[in-house]
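Structure first, commentary second.
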Amino acid sequence: IFPAMITPDSQNLILCRVTPSIHYTMGGININAAGEVQERIESIVGHHRHIRRLFAAGEVTGGLHGNNRLAGNSLLECVVFGRIAGERAATIDTPSEVMFPYTESDTHLKDESTGWFSVVLREMRNTDKKYGINTREARF
């Protein structure tokens, strides 16, 4: 357990070589709140748009910390944006039948002209503490 005293009688010693390394890189890839990589464009609507199916999190991303990063924020950033990007990426090619499973008894909900199903909103959760201010999670 650190800190531990090393004495001449110490028998369980682990040696390692310490070399200089990069502590943390503040990369330059711009992402949005969903972890989607942004490309810079010039339009009347905005200056960025996401690149489809490309996500990033952690040290390759930039702009989250401003001009300086507080110690300890890097792990939080990797976990939060890694999870958000992972969850988002996992839903991209998921068939609607998997995300919104229907049974034979639900066929009356299907609109034959459009092929869409009516969805019943079961619950709406406030997720301010999970994802930030003014966020909600809808459960169908």
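Bear in mind these aren't lab numbers, they're just calculated from the coordinates by the rules spelled out. Treat the numbers as computed from the prediction; the structure is a model and nothing was measured. For neighbour counting, all protein chains shown are included, and Cβ atoms are generated from backbone atoms with ideal geometry for every residue, glycine included.
Just a few scattered comments:
- Peptides 14-21, 48-55 ranked from most to least packed give 48-55, 14-21, packing being the mean of other C-beta atoms within 10 angstrom over each peptide's residues.
- Label-point separation, residue 7 to residue 133 (7 Å along Cα→Cβ), nm: 5.6 nm
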